[in-house]
Amino acid sequence: MKPSLSKRIILYGLALLAALYLVVPFLWVALTSFKPEREVSQLHWIPQEPTLENYALYFDTDNRSAAVGAAIARQFPRAIANSLIIGLAVALINLFFGSLAAYALARVDFKGSLLLMLFYLGSRSVPGVAIMIPMYLVIRSYGLLDTHLAVILAHSTFTLPFSVWILKGYFQTVPLELELAARVDGCSRLGALFRIFLPVTTPALAAVGIFAFIASWGEFLFALLFTSTLHAKTATVLASDFAQETQVPFSLIAAGGVLVILLPIALAFLFQRFIIHGISGSVKG
Amino acid sequence: MQRRTFLKTSALTTLGLAAGCAPAQPPGVIFKGWAYEPDLVRQNVDRFVQQTGIPVAYQSVSGNYHDKMVALFVSRTPLDCCYVRDDDFAEWVEAGWLRPYDDIPDIDINIDEDDIFPYNLESMTYQGRRYGLPYYTDISIWVYNHDMLQAAGFDRSPTTLDELTEQAVKVKEAGLRAPDGLPLDYPITLNFRQSPTGFNTWWALNFASEVELFDDEFNPIFPDDKDQRAERILQWLVDGINKHRIIDPNSLTANSSLRYSIGAGRQAYGLIDKYDLEWINNRRNSAVVQAHLKKRGVPQDEQSYAKVLRMAPVPSLEPGLRGTLGWTRMYSLAAQCRPDKVAEAWRLMNFLGYKDADGDYYTARHWFKLRGLGFAFKSLLDDPDIIAQTQLWGDVDLIKEQANYARARTNIMAPWFSDFTLYYQPEIQKVLLGQQSPREGLGRINKRCRELKREWS
Amino acid sequence: MRRLFGSMTTQERRDHIFAALLNLPAIGLICALILYPVGISLWISLHRYNLRRPEVFDFIGLGNYIEVLSGRDFWHSLQITLYFTAMSVFLVILIALGIALLFNQDIRGRGLLRSLLLVPWAVPGVVNGLMWLGLFGKYGAFDTMLRDLVALTNALLGLEIDYLGMASPVIALNAAITAHVWRSVPFAGIVFLAALQAIPSEQYDAAQVDGASDWNGFRFITLPWLLQPIMVVAIFETMNSFRAFDLIFTLTGGGPGDSTYVIAWQTYKEAFARLDFGRANAYSYLITLITMGLSIFYIRLLHRRGEVQG
């Protein structure tokens, strides 16, 4: 039954408001990225002399530009590559180890499972500031400072609890008969898990993978702590280089901000259906 | 997938990740600094390598330099030489993280200390031991927008705080506007944002009125210092913000955005860092300068600078008093410097922070030329090139004068200095917000100083 | 071994071991990178340890905790944090729920809207702080938009109010909350949206046949379904708010005065400005205890409603 016209108008109106709420603050950043330095602190939102010079600095690998912040901007492509590598690795780890843990929790009814869930959840209640230095010491003692692996491991610890929770919920909705049939046919337990079970849970896997990727992409405190050279520096850390450098105009930072969110937004746009479907299956359980 | 294959694959992957990941430790002196212009730093470092043949591994440190360095020092990550701010200096020496240079065997320390400004030299020495050589240094200066003052009927900024109040009120009432049309609501902007290196304004104003905040043993004298000047200065600030409304309340949150604000024409007076003046008087950055030059029909490529913002001594409580704040950023050897690298690290420090192989203050000169950063060497102020460049945007004579009487924060050498910073900043902000009186605020800070001094003795 | 597994069949025992093994990597990672540092952290919190006097490492038991709990700083920041957290959790749930309900409706461009939902989450933290500073600060976006309105009000009522921006303690704290909420809405929104999609449409159809109104449909079908997701979001969001730190760092720096000194900020200051690691770790433990306590409270609430399987 189609809602009445007045209802539809209200609905669209509210939806528009919601969209504005989500987008407009960043719109200001996006617009500033097209302003020349002189216009940065001026009133108007729309640049009077729009320019692409801020973006150019990010891809300007040869020119020794004298502009303040150009050196940092030039590190950008490499930093994005690092973020990509780390994000993908974190997503894969979440998918792999998260699935294993969630499968165990979903299929096996053992006493410790609530405690385990609490353990995973509890690990999220520790403030980053507290464990920063000890974690730094641990990473250093393994010789992992300034490596991708350090950041990958750190990010995985933050994202696993949520992944396990989502996957567990979804896994519980998959009928047991599926694996039982496979086992009857002579498949091993792990074999059944990988070949029969997981393919059915693709939506949840997609959701978890993307969530983990985006969470890793945006994280900055630990990426900052563990990396120092361009070897493993991520894009968000580069953005913080800017913020510390008080002389850098916000227009340049804004351009960086825009470049950094392009990929996650694109992913969100392409996969939003999967994400929601995956999580919804989990909640159903 | 067979279980065996599965296990093998995971093991191999993990090994592969771990192995292929760690970057090799580069040879040479390990040198780190905060991420200001890493390309320019690299240029200077390359010049050193070229002149001496000593390899250097330079890294710029992202994020909050202080916090990152703490992690580095605590974990004893390899480090030979690094930047140090004078605000952190005492703390880092006390923690045992820095190494003095006055006891390195077989090196030639040929530093002409007479050519270094006194406040710089003091900031790099701790309990008689020499630790640092200057990276850059600068002072707080008072500037005013000449065009705006003229439009309101004035010629220059006054020398005393009371006269300043009168003038600023009249400027406010003149109804001036910034180039983008926004009215001048608050003619004066200052810097009171909480930060470990912040509150330059408070120190500069106190020094300008020759206030002694601490005695030689770092005992607090305020609020009963001579003529209660510290209290009167705070009162002037409070009135400026709340009563006369001539001081921008945004001063509590602004930091470096001060120069953007002044450049956009939001205010007519400000207390800024000297090197910001070079930025503000450049038409590329500043709307007021662009408007000024456009009005006089000066084409874009003909002239970059115009002295729209002019320098004046920092205003004081009474005529005849003068002073200002200066700060130092230095190079220092790390305590964890590898023994076989000490001499080489010293040479690097010497090159960057003093003279190069040709006996010239090359690095200091280079920073000034490119970014207008201040230097610690008196003789450079007589250098014709430097004078010519400075004249484009600043007042060379006034700079000379101020550099000579500038002072570092009085208790910066106390081991409890950062605890003090953490405490006094919110307290002063509360005074400015009207949440407590100047006398109360100063009283509380005094009490805390005494506690800290006891804790650390 | 026998006691551990009690009176179980061989198969059950094998199942348990299998389950434990599968969880091992995840547990192992968390133990190495979180549990171990947390252990060190606890150990340090029981000592007097200030980096500026590195030779001193005296065991003082609960000394740090007593100092912290009897000082004004802790309670002041706890108060601010509780306000921050309560407002954030409330607003996040409210806004995210509203958005989820909206985006669940059959309107055109639904796909686009849903992908827009992730925008706030994708913005890197540092840019986020600077962005809100630009919006809320003096001479920022809100200031210029409200300028005329404020002038009018002043003229009409003979007042002299002025937009103080981040220099006002009230605006600063609420700006921080606004920024935090904006960033947290995507996660909650997605969870709620997913939950709404999971509700079988037959339930609504049945209700309609029975002549129920939209509001009743919401109250008796939608809301019960959403109870668990709301609880989960509440848990995650409470933890996030308690730990909120980098926002404060870029947005307010703790000020003005000490009006945005949330507890994570206080901890940071103890650790990195005062270099007092003993006390800083005591602070973090207190935070951890509080957030764990709150989560256990939420979970028991869930348990009681029979929503959580063991």
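Quick note: the coordinates plus some simple rules give every number you see, no bench work behind them. Note that the coordinates shown come from a computational prediction; the quantities given were computed from them, not determined experimentally. When we count neighbours, we look across all protein chains shown, and the Cβ atoms used for this are built from the backbone with ideal geometry, even at glycine.
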* Pairwise label distance in nanometres, residue C:67 with residue C:204, each label 7 Å out on the Cα-Cβ vector -> 5.9
* Per residue convex hull volume, Cα atoms of region A:138-189, in Å³ -> 114
* Structure fact -> Ordering C:276-288, B:207-219, B:407-419 by per-residue average of other C-beta atoms within 10 angstrom, highest first, gives C:276-288, B:407-419, B:207-219
* Asked: By how many nm would the segment from residue C:170 to residue C:59 grow when fully extended, if each residue of separation counts as 0.36 nm and the alpha-carbon distance is taken off?
  -> 35.8 nm
* **Relative contact order of chain A, defined on C-alpha pairs under 8 angstrom at six or more residues apart (%)** => 31
* By counting other Cβ atoms within 10 Å of each Cβ, how are C:70, A:33, B:251 ranked from fewest to most? -> C:70, A:33, B:251
* Asked: Build a GNM of chain A with springs between Cα atoms under 10 Å: which of A:138, A:248, A:24 gets the top mean-square fluctuation?
  -> A:24
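Let me have the relative contact order for chain B, percent, based on Cα pairs under 8 Å that are six or more residues apart.
24
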* Asked: Using alpha-carbon positions, what is the distance between the centroids of region C:147-162 and region B:65-123, in Å?
  -> 54
* Relative packing of peptides C:126-132, A:168-174 - highest average C-beta neighbours within 10 Å first -> C:126-132, A:168-174
* **Residues C:290, C:99, B:188, C:107 arranged by fewest to most Cβ contacts within 10 Å** => C:107, C:290, B:188, C:99
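Apply 1/(1 + (r/R0)^6) to the Cβ-Cβ distance of residue B:169 and residue A:30, taking R0 = 35 Å, and write down the FRET efficiency to the nearest 0.05.
Numbers: r = 41 Å, r/R0 = 1.16.
For R0 = 35 Å, the calculated efficiency reads 0.30.
Which of the helices in chain A meet the span-like rule: DSSP H, Cα axial reach of 30 Å or more, Kyte-Doolittle mean at least -1.0? Intermediate results must be reported in sequence, preceding the final value.
Values: long enough: A:5-32 (39 Å, 1.80); A:76-107 (45 Å, 1.45); A:148-171 (31 Å, 1.13); A:250-284 (45 Å, 1.72).
Membrane-span-like by this criterion, though nothing is claimed about a membrane: A:5-32, A:76-107, A:148-171, A:250-284.
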* Structure fact -> XL table B:226/B:453; B:400/C:138; B:172/B:243; B:170/B:226; Cα-Cα > 24 Å flagged, in table order, is B:400/C:138; B:170/B:226
* Taking a cut-off of 25 Å between Cα atoms, list the lysines near residue B:341, but don't count ones fewer than 8 places away on the same chain. => B:32, B:68, B:355
* Within 10 Å of each Cβ of C:33-44, how many other protein chain Cβ atoms are there on average? -> 6
* To do: Quick one: which residues, 5+ away or cross-chain, put their amide H under 5 Å from the amide H of residue B:328? H built at 1.01 Å from N.
  => B:86
* What are the ³J(HN,Hα) values, in whole Hz, obtained from phi via the Karplus relation 6.51 cos²θ - 1.76 cosθ + 1.60 with θ = phi - 60°, for each residue of region C:113-123 in sequence order, with x given for Gly and Pro? -> 4, 5, 6, 5, 4, 8, 3, x, 6, 7, 6
* Tell me, what is the FRET efficiency for residue B:122 and residue C:160 to the nearest 0.05, using R0 = 41 angstrom and their Cβ-Cβ distance as r? -> 0.35
* Structure fact -> Of C:267, C:178, C:144, the most mobile residue in a GNM of chain C (C-alpha springs, cutoff 10 Å) is C:144
* Just report the Cα centroid separation between region C:210-241 and region A:222-236, whole Å. => 40
* Structure fact -> Computed ³J(HN,Hα) along region A:187-195: with the Karplus parameters 6.51/-1.76/1.60, θ = phi - 60°, integer Hz and x for glycine or proline, the list is 6, 6, 5, 5, x, 4, 4, 7, 8
* Asked: Per residue of B:261-273, how many C-beta atoms from partner chains lie within 10 Å of its own C-beta, taken as a mean?
  -> 2
* Asked: Which one of C:179, C:264, C:207 has the biggest mean-square fluctuation once chain C is modelled by GNM with Cα springs under 10 Å?
  -> C:207
* Cα-Cα pairs of the protein assembly as shown separated by more than 55 Å (percent) -> 18
* Structure fact -> Most exposed first, judged by fewest Cβ atoms within 10 angstrom, B:184, A:84 run A:84, B:184
* Calculate one ³J(HN,Hα) per residue across region B:279-296 by plugging θ = phi - 60° into the Karplus curve 6.51 cos²θ - 1.76 cosθ + 1.60, and present them in order as whole Hz with x for glycine and proline. => 5, 5, 8, 9, 5, 5, 9, 10, 5, 5, 6, 4, 5, 4, 6, 4, 4, 8
